[in-house]
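The values are calculated or read from the model by the stated rules, or taken from the named source; none is laboratory data. Since this is a predicted model, take the numbers as computed values, not measurements. When we count neighbours, we look across all protein chains shown, and the Cβ atoms used for this are built from the backbone with ideal geometry, even at glycine.
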Amino acid sequence: MQQQRERANQLEQNLAAARRELETQTALRLKQAVDSGAVELRKSLQQERQRSEQLDQKSLTSAKRDLETQTALVAKVAESGATQLKRSLQQEHEKRRCGAAQVFAAGT
């Protein structure tokens with residue numbers, strides 16, 4: 001009977017040790033999985049930041065190009081308008097000079 005009690009005690013101790021070992025191994029595996037997941041998340045976040053920076057750079061480049069195009073277009077329209085205004089003023093000046101010459105000729 002004493003041997004059975006000692007054997008039962010030994011089995012309980014072995015069972016308790018096995019449970020502790022199992023809990024330790026489970027905790028270690030869980031920690032490794034969490035650490036691995038955290039590394040993957042950091043890597044993914046870094047990649048997403050890089051993509052975002054690239055998109056921002058492309059957007060800025062595109063916006064700059066659009067602004068340059070619009071500025072060139074405005075300058076061209078302004079130049080064209082100035083040329084037309086100058087031509088119009090010259091025509092008006094010619095009309096007045098012709099009109100003044102006709103008035104002068106008619107008066108003499």
Practice task
Consider THR108 carefully, then state whether it is modelled with pLDDT of 95 or more and β-branched (Val, Ile, Thr).
Solution key: no
Exercise for the section: Confirm whether GLN57 is assigned to a helix (DSSP H, G or I) and loosely packed, with under 10 Cβ neighbours inside 10 Å. Expected result: no
